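For reference, the structure is listed below as structure tokens.
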Amino acid sequence: MSTEFTGFLALLRREILRFVRRPKNTFLPPFITNVLYFSVFGVILGERIDTIIGVPYILFILPGLVVLGAISNAFENTSFNIFHGRWNRYIEEVLTSPLPYRTMVGAYVLAAAIRGVIVGTLIALIGAFFTSVGVVRPFYLVAFGAVITLLFAALGVVAGLWADDFDDLTMLNQFILRPLVFFGGVFYSLNELPATLQQVSLLNPMIYMVNGIRFGFLGVSEVDPNISLAVLSGLTIAVVALDVALFRRGYGLAN
């Protein structure tokens, strides 16, 4: 086993243990939040709405809630850990190690993506208590789940390097990320919007992520899942490359 791979596994293990050891902060909040979402929107409101694009409303919203939980946790994991490491200066231990920058970034991103996948799976299991949940297109579900969590884990690295204080991280998550998801077709169909708003909505990348996961669960999508997956995969590679470049330059690390 090479020294680089050993270092990668050590850093990956540390980052995974960081969120596994505090389940009250990692897993309890999305559990409670999504029980409320499914209870209010899925059960109470769902009885009035009946079906959207041919599926029960509670099933329609499930993929979007999975996306919201998965990407929020993936983003939060890297953004907080990178910033906290800068703030308390223990990230210098990683930077002074012989690991290549791509290995450092890879460990941070993969650990955060794993957290996102775990939380997304937890939300799907919660949904299974409220309705019958199946997987019609498993390949697309796994592919979109991997791509979107890796993408937002990589974006979290950028945020962690850019942020000057904890308020910056809160602002990004609460006032940019979550609104984009809620306007990304989680609770409504694009077909219900006027033509102009439909075109504007297509500028929101969350539309493609939510519909990609929805296609995996239900086999229905309002956008082409193949194009969405290709574009999101390319974007993920680009953001990871940006992370490596920022680490190499010492952006936010040498202050």
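A few points about this structure:
- In segment 90-116, the residues that are open to solvent by less than 50 Å² (accessible area, probe 1.4 Å) and among the hydrophobic types (A, V, I, L, M, F, W, C): Ile91, Val94, Leu95, Leu99, Met104, Val105, Ala107, Val109, Ala111, Ala112, Ala113
- Condition check for Ala128: within 19 Å of Met206 (Cα to Cα), free of Cβ contacts under 8 Å to residues at least 40 places away in the same chain, surrounded by fewer than 19 Cβ atoms within 10 Å (Cβ to Cβ) and not acidic (Asp, Glu): no
- Being out of contact with any Cys (no Cβ under 8 Å at 6 or more places or on another chain), open to solvent by 30 Å² or more (accessible area, probe 1.4 Å) and among the β-branched types (Val, Ile, Thr) holds for only one residue in Val135, Val119, and it is Val135.
- With respect to the conditions (1) open to solvent by 60 Å² or more (accessible area, probe 1.4 Å); (2) modelled with pLDDT under 85, Ile52 falls short on a single one, namely (1).
Matching residues to (1) farther than 30 Å from Leu193 by Cβ; (2) open to solvent by less than 60 Å² (accessible area, probe 1.4 Å); (3) basic (Lys, Arg):
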| site | (1), (2), (3) |
| --- | --- |
| Arg14 | yes, no, yes |
| Asn34 | no, yes, no |
| Val43 | no, yes, no |
| Arg48 | no, no, yes |
| Leu59 | no, yes, no |
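Results for (1) more than 13 Å from the chain's Cα centre (by Cα); (2) under 30 Å from Ile58 (Cα atoms), shown as yes or no for each residue.
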| residue | (1), (2) |
| --- | --- |
| Glu76 | no, yes |
| Trp87 | yes, no |
| Glu93 | yes, no |
| Met104 | yes, no |
| Val117 | no, yes |
| Thr121 | no, yes |
| Thr131 | yes, yes |
| Arg137 | yes, yes |
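- Test set (1) crowded, with 20+ Cβ neighbours inside 10 Å; (2) farther than 30 Å from Ser189 by Cα - Asn25 fails condition number: (1)
The values are calculated or read from the model by the stated rules, or taken from the named source; none is laboratory data. Predicted model only: the values in this text are computed from it and were never measured. Glycine gets a Cβ as well: all are built from the backbone with ideal geometry, and neighbour counts include every protein chain shown. Accessible surface areas use protein heavy atoms only, side chains included; no ligands, DNA or RNA. Shrake-Rupley method; radii C 1.70, N 1.55, O 1.52, S 1.80 Å.
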